[in-house]
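What follows is a short report on a single structure.
Values in this text are rule-based calculations from the coordinates and carry no lab data. Since the model is a prediction, treat every value here as computed from it, not as a measurement. So basically every Cβ, Gly included, is an ideal-geometry build from the backbone, and we count neighbours across all protein chains shown.
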Amino acid sequence: MKIVVVGGVAAGASVAARARRLDEFAEIVVLERGHHVSFANCGLPYHVGEVITDRSRLLLQTPESLRESLDIDVRVGHEVTGIDRIARTVTIREVDGGREYVENYDALALCPGAEPLRPPLPGIDLAGVHVLRRIGDMDSIKARLDAALSEAATGARGPVRTVVIGAGYIGLEMAENLKHRGALVDVVEMSDQILPPLDHELSVPVEQHLRSRGITLHLSTAAAAFTARAGGGLNVELTDGTVLEADLVILSAGVRPNTTLAKDAGLEIGPRGGITVDTHMQTSDPHIWAAGDSVETPHTVLPGLWLAPLAGPANREARVAAENICGRSTEYTSTQGTSIVKIFDMVAGGTGATERQLLAAGLPYRAVHVHPSGHAGYYPGTAMMQLKVLFAPDTGRILGAQAAGFDGVDKRLDVMATALRAGLTVYDLEELELAYAPPFGSAKDPVNMAGFVAGNVLRGDLTLWYAQDYPATTAGARLIDVRTPEEFSIWHLPGAENVPLGTIREASGDWDPAVPVRLYCAVGFRSYLGYRALVQRGFTDVATLSGGSDTFRSWHEVKPDSDEPPLPMTAYAEAVDIRAAAAKTAALAQGTGVRVNLDCSGLACPGPIMKLTENMRSLTPGDEIVVHVSDPGFANDAPAWARRNGHQLLAIEPEGPGYVATMRKGGAVATTVQAAAAPAEARSGKTSFVIFSGDLDKVLAAFIIANGALAMGDEVSMFFTFWGLNSLRRTHPPKRDRKAIDKMFATMMPSGAGSMPLSQMNMLGAGAALIKKVMKDNSVASLPELIKSAQTGGARLIACTMTMDLLGIAETDLMEGVELGGVATFLGEASESTTTLFI
């Protein structure tokens, strides 16, 4: 039997090798139009980046080695230009010499692979625009890059600028390796996210990581044209009007199956443009098989046929094709699309269907998000990962999984891929017994944790709400943040109440169980505990945020300390320019020379902030802490925490999965210096009040000043504590059960702003009545009217929760629009204010 294989890379070489192992006497000819066979095309970016320094390591086989070891006739530089199915022959052209000849076959295996997309844009054929698919492409790119970097090293020119078009796996691997070489890198992506094989919320942490490593991302735009630049190099014009300078452009906008031969031969082509094959990898011609990037195969989860340009499936398809060519009956069942990528220190990947694909296919599903560490948190070198699992709502069958993180991501994806292939359910994930020791995992592995959460959802032990459904899902609900006051002060959802987990059992005693409650925390665990506490106390409509605020902030663009409503996130918007902020504050205070090294690696939020707060208390103003944190979210939290607490963020730089930050403790002197140093237009324009008086005249004065400040354009926050809370009481609050001491306080204290006494000459209420009449006669607004005017003007009225507990005041006793807060809330407001008044 004579077997002719068209294509000599992953699929083609595998067909030939497997066929030889099954049939020692077959004549096997491999025809490859390129000049290399069986090379590691997945390793090409790493030679450009000089991570793989020896080019020959990428050449897995040569024509000579294949002839020697397997007796295969490999002809490189030979392009098949036509197929005669009746005569069973192929026409071949020698690429270098142009000679044509014909070769007959008994069995033909088509493995032509895929071709990189080269959109018909102006200037697409300029010398500086490259694709990366073959060894020759790699050599050209590296030669151009080497030359530019050598010239820059002599000082004869500025930095080398590169542009990568496309933010898929190959594009981002190229971006990383170009950066490793010292080039400036811009990545352009037409979609609103990088990494199309991942869902949006899994891609955003990788975007943040790329930016932290100096990569500039241009999302939701595309290349429009390339033009030569005077003096050398290119201009890359984008559809949004941006023009980027480039010495080198890499096109990585995707691939399409190379089906020209198959189409010209009349073979059946599938709905996605690939060659149609059956489960034996046989085409519509019984003498022709096909494998690799050019074929369409069933998906393990989704309906229909799909293209999967991945090395793993290509090799398995090739094996099946060879076995059927040699007389066996082997089937290729499906492709599930398992893939993974390393980008600097981060790893991301997925298997099975994405949420977008399930929605498009109309398949029912449920989703859970968990954020465990890669291994035991107390053992060095770990960080939080994001793990998302999609599953059927009836059976719990696993439909897809994605992960992004730093350590242990690959093995979790492999476990999930195996579980999906085996048809396991989330209940099975709970039962998996996986390898554990502190350097490798946790006793409850991340895979187990995902199974626990998903199992809880299916059993009815947990109800989730999702970030992408915000704000509709929280409308009309009580929004509860169960994190610590410290975390809450840094950032929280607008309208949220801070009820730390440890207080929620007592605090919820006065809540109406019929009012919907939506809970959240940092990653979803504390809010789950709060959820269980509430539903067992009779609350009927409770849900907790899947993945917590970490997942939420991947869906919505929010500043770390913002109370503004979140916006849909189309790109990672840095809440502060960390380096610029550090440069501005670095010279404000002189240190004492004391510097503490603080290792918070392995600690998930709020661990780093809590440990930082604890250690900062022991220092004197001017002392410094160098803190090492493996939580990527620290880039957002650190500037906000430092600013709110009057400290200085001197520097923050990427370190492994997280950051290393240097902070200088502030104090009364440092804070004053900062305020004085700030230009007038940069000052906050905020006035804060602490109102602890219950006297009508004093509270009147406070609201008169507050309304004046609002009229001047200032922000106003008013913190009411002890007797000052009486001004926020409803005149006729809803009836509720009260303790005896609460009833006594309610009887003794004024029932709202209209019943407050004067501090002087109250005369059993006659003085208060007289002053109200005088105010009315002189057209001065009453206290209730002033309060309403302040609220309309945007003043924040904050009731002290500690005082409420002491005096037996429930939220329902207070007028609408009053927020609840503690000391941390007031201190956060005061730290941003130019004026703080105590009344």
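Which of the peptides 90-99, 349-358, 543-552 is most tightly packed, and how do the rest follow, judged by the mean count of other Cβ atoms within 10 Å per residue?
Going by the mean number of other Cβ atoms within 10 Å, highest first, we get 543-552, 349-358, 90-99.
Rounded to the nearest 5, what % of the DSSP beta bridges within the chain are antiparallel ones?
So the antiparallel bridges in the chain amount to around 50 percent.
Please report, in debye to the nearest 20, how large the charge dipole of the chain is about its Cα centre when each Lys and Arg carries +1 at its beta carbon and each Asp and Glu carries -1 there.
The calculated dipole for the chain is roughly 1720 debye.
Using a 10 Å cut-off on Cβ atoms, rank the peptides 203-215, 238-250 from the highest mean neighbour count down.
Packing order, densest peptide first, comes out as 203-215, 238-250.
What is the angle, in °, between the Cα long axis of helix 607-617 and the longest principal axis of the Cα atoms in the chain? Nearest 10 is fine, range 0 to 90.
It works out to around 50 degrees.
Give me D for segment 345-458 in µm² s⁻¹, whole number, from Stokes-Einstein with Rh from the Kirkwood sum over alpha-carbon pairs, 20 °C and 1.002 mPa s.
After rounding, the answer is 154 µm²/s.
Within the set K263/K411; K179/K665; K179/K411, which residue pairs have Cα atoms separated by over 31 Å?
K263/K411; K179/K665
Give me the angle, in degrees from 0 to 90, between the Cα long axis of helix 169-180 and the longest principal axis of the Cα atoms of the chain, rounded to the nearest 10.
With both axes taken from Cα atoms, the answer is about 80 degrees.
Could you work out the local net charge near N448, counting Lys and Arg as +1, Asp and Glu as -1, over the other residues with Cβ closer than 11 Å to its Cβ?
-3
So how far, in whole Å, is the C-alpha centre of segment 590-653 from the one of segment 19-93?
56
On a straight-distance basis, which aspartates and glutamates could pair with K686 in a cross-link, Cα separation under 14 angstrom, same-chain partners fewer than 8 positions away excluded?
The reachable aspartates and glutamates, counting only those whose Cα sits under 14 Å from K686, are D714, E715, E829, E832.
Semi-axes, largest first, in whole Å: what does sqrt of 5 times each Cα gyration tensor eigenvalue give for segment 440-502?
Over the Cα atoms of segment 440-502, the ellipsoid semi-axes are 26, 18, 11 Å.
I want the local charge near P516. Using Cβ-Cβ distances under 11 Å, sum +1 for each Lys or Arg and -1 for each Asp or Glu among the other residues.
0
Please give me the summed charge of the neighbours of R319: other residues whose Cβ is under 11 Å from its Cβ, Lys and Arg +1, Asp and Glu -1.
Neighbourhood net charge equals +2.
With a cap of 11 neighbouring Cβ atoms within 10 Å, and only residues DSSP puts in a loop, list the chymotrypsin sites (Phe, Trp or Tyr not before Pro) found in segment 337-395.
The qualifying sites are Y378.
Could you let me know the centre-to-centre spacing of segment 362-415 and segment 144-160, using Cα atoms, in angstrom?
43
Give the angle, between 0 and 90 degrees and rounded to the nearest 10, that separates the Cα long axis of helix 668-677 from the longest principal axis of the Cα atoms of the chain.
70
So what is the calculated 222 nm ellipticity per residue for the chain, using -39500 (n - 2.57) for each DSSP H run with n of 4 or more, over all residues, to the nearest 500 deg cm²/dmol?
One gets -9000 deg cm²/dmol as the mean residue ellipticity at 222 nm.
Identify the trypsin sites (Lys or Arg not before Pro) of segment 277-328 meeting these criteria: DSSP loop state and at most 12 other C-beta atoms within 10 Å of the C-beta.
Sparse-neighbourhood loop trypsin sites (Lys or Arg not before Pro): R328.
Give me the percent relative contact order of the chain, please, defined on Cα pairs under 8 angstrom at least 6 residues apart.
Contact order relative to length: 8 percent.
Note the full-extension length gain between I86 and S782 as 0.36 nm times their separation in residues minus their Cα-Cα distance, in nm to one decimal.
240.6 nm is the gain from fully extending I86 to S782.
With the contact rule set at Cα under 8 Å and sequence spacing of 6 or more, what percent relative contact order holds for segment 1-153?
26
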